[in-house]
Amino acid sequence: MKIGCPKEIKPQEFRVGMTPNAAREAVSHGHEVIIETNAGMGAGFDNADYVDAGARIVDTAAEVFATADMIVKVKEPQAIERKMLREGQLLFTYLHLAPDPDQTHDLLASGATCIAYETVTDRNGGLPLLAPMSEVAGRLAPQVGAWTLQKANGGRGVLMGGVPGVGPAKVLVIGGGVVGTHAAKIAAGMGADVTVLDRSIPRLRYLDDVFGGTFKNSFASAGNTIELARQADMIIGAVLIPGAAAPKLISRAQLSELKPGAALVDVAIDQGGCFETSKATTHQDPIYEVDGIMHYCVANMPGAVARTSTIALGNATMPFMLALADKGWKQACADDVHLLNGLNVHAGKLTYAAVGEALCLDVVSASQLVQ
Ligand SMILES: NC(=O)c1ccc[n+]([C@@H]2O[C@H](COP(=O)([O-])OP(=O)(O)OC[C@H]3O[C@@H](n4cnc5c(N)ncnc54)[C@H](O)[C@@H]3O)[C@@H](O)[C@H]2O)c1
């Protein structure tokens, strides 16, 4: 198969769909890999790295799209990229179609087969191609929160680990899923006094069994949440109710009960945020203050560490990418129901029920297509 990887063109996106290692594996499976020139620059990979791996560099995205049987990307195709997709071509990338009717209509019109990273599943009921980005954002949260806490940035001027004779920062993590667990591990590793709140008792049991000696956990009742929030120097928002907007867990009125200069890091901002005063920010201008409380609400946190994020994403996508290339999409999806769950669009038909519901469009069963 000819596998093509264009340079990402969405603003502020520095990741790339294929690492040189992914290219090397694909070449070793007998495939041809075509990379747009400088596609990996933002993630610290230059053209020579891809050439070493056996890939071919081309000058333009148009050449990649015209040549490749399968396009591997990171972000959803932008309008100009969608025009270059063609019937029978395979697209493997994040799509997030439900809130995006324009993209959905363009992909249906293209006749391409589109597999979305975010709906590929695993045998534990997880989302293996979303999890690496949650891991990155979770681990980044205490790092950016620690910076926000510094006095010059408007914060309380509290050091995460304290020093001998001075206690550590108190960190409250709301939501103990992938983001929350990784955030808590790193905050505890920085020496902070960490508590994780969740509403899922099985999840609290897991956190207690595995991390009981590293950080505390507590049930996320409204009373518990505000009581612990009042004591916190940093609060990390990491809740998710799948398919729904994030619940608002700290209201504007409650900001006056928090410690002045406390740092709120709202990782759940991509789902609307879990603090009433959260609004999405960018890496250029990541923090702002409301009622004396500092907010960090960057919606694409993994972009700050594009190299780590690219490699983590590439590790997770590689086995699926190889299966698609080795077998073709139909056989690969017939053999693996988790990859089949990633199928969103095929030959002008929508194949993912939740997208159909959100956009009031007809859906055909993905499993019938591979029988
Ligand atoms: N800003 C970014 O760059 C970025 C990057 C990655 C992920 N995210 C977002 O981070 C959020 C968390 O993602 P995740 O992968 O950890 O999800 P997850 O499903 O692994 O974990 C979410 C946890 O929240 C808990 N929860 C739900 N409602 C709660 C409540 N009211 N109080 C306390 N806990 C509650 C759930 O029980 C679950 O354990 C999502 O919105 C995700 O989209 C943002």
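The residue that is nearest to the ligand (Cβ to nearest atom), counting only those in the range 178-205 that are part of a helix (DSSP H, G or I) and charged (D, E, K, R), is Arg203. Taken over the range 214-243, the criterion of being modelled with pLDDT under 95 and farther than 23 Å from Leu255 by Cα is satisfied by Ile241, Pro242, Gly243.
Checking each residue in the range 324-371 for being assigned to a helix (DSSP H, G or I), open to solvent by 30 Å² or more (accessible area, probe 1.4 Å) and among the small types (Gly, Ala, Ser) picks out Ala334, Ala353, Ala354, Ala358, Ser367. Restricting attention to the range 274-323 and to residues that are assigned to a helix (DSSP H, G or I) and of a type in the set (Gly, Ala, Ser), the residue that is farthest from Lys259 (Cα to Cα) turns out to be Ala323. Here the condition is being away from the ligand (no atom under 16 Å from the Cβ), under 24 Å from the mean Cα position of the chain (by Cα) and surrounded by fewer than 18 Cβ atoms within 10 Å (Cβ to Cβ); of Pro101, Pro77, it holds for Pro101 alone. Only one of the listed residues (Ile3, Ile9) is farther than 13 Å from Leu322 by Cα and among the aliphatic types (A, V, I, L, M). That residue is Ile9. Of all residues in the range 260-319, none satisfies the criterion of being within 10 Å of the ligand (Cβ to nearest atom), at pLDDT 95 or above, open to solvent by 10 Å² or more (accessible area, probe 1.4 Å) and of a type in the set (Gly, Ala, Ser). In the condition set (1) of a type in the set (Val, Ile, Thr); (2) surrounded by fewer than 12 Cβ atoms within 10 Å (Cβ to Cβ); (3) within 10 Å of the ligand (Cβ to nearest atom), Val239 is compliant with all but (2). Only residues that are among the polar types (S, T, N, Q) and assigned to a helix (DSSP H, G or I) were counted in the range 7-30, giving 2.
With respect to Leu129, is the statement that it is in contact with a Ser or Thr (Cβ under 8 Å, 6 or more places away or on another chain), more than 9 Å from the ligand (Cβ to nearest atom) and modelled with pLDDT of 95 or more true? Spelling it out, Leu129 is indeed in contact with a Ser or Thr (Cβ under 8 Å, 6 or more places away or on another chain), more than 9 Å from the ligand (Cβ to nearest atom) and modelled with pLDDT of 95 or more. Filtering Ala268, Ala306, Ala280, Ala299 for residues that are small (Gly, Ala, Ser), within 30 Å of Lys7 (Cβ to Cβ) and in contact with a Phe, Trp or Tyr (Cβ under 6 Å, 6 or more places away or on another chain) leaves a single hit, Ala306.
Please work out if Gln254 is more than 13 Å from the ligand (Cβ to nearest atom), on the phi < 0 side of the Ramachandran plot and touching a helix residue (DSSP H, G or I) at 6+ places or on another chain (Cβ under 7 Å). Yes, satisfied. For the range 23-71, the tally of residues that are charged (D, E, K, R) and in contact (Cβ under 8 Å) with a residue 60 or more places away in the chain stands at 2.
Determine if the range 209-217 includes at least one residue that is among the acidic types (Asp, Glu) and either surrounded by fewer than 13 Cβ atoms within 10 Å (Cβ to Cβ) or touching a Cys at 6+ places or on another chain (Cβ under 9 Å) (or both). Yes, the range 209-217 has at least one match.
Restricted to the range 54-121, the set of strands (runs of 3 or more DSSP E) holding at least 1 residues that are of a type in the set (Val, Ile, Thr) and over 18 Å from Met18 (Cα atoms) comprises 113-116. The number of residues in the range 132-157 that are in a helix (DSSP H, G or I), away from the ligand (no atom under 11 Å from the Cβ) and not hydroxyl-bearing (Ser, Thr, Tyr) comes to 9. When Leu228 is tested against (1) in a strand (DSSP E or B); (2) under 22 Å from Glu289 (Cα atoms), just one condition goes unmet, and that condition is (1).
The values are calculated or read from the model by the stated rules, or taken from the named source; none is laboratory data. Quantities reported herein were computed from a predicted structural model and do not represent experimental measurements. Every residue, glycine as well, gets a Cβ built from its backbone with ideal geometry; the counts of neighbours run over all protein chains shown. In case anyone asks, the SASA skips ligands and DNA or RNA and just uses the protein heavy atoms, side chains included. Shrake-Rupley method; radii C 1.70, N 1.55, O 1.52, S 1.80 Å.
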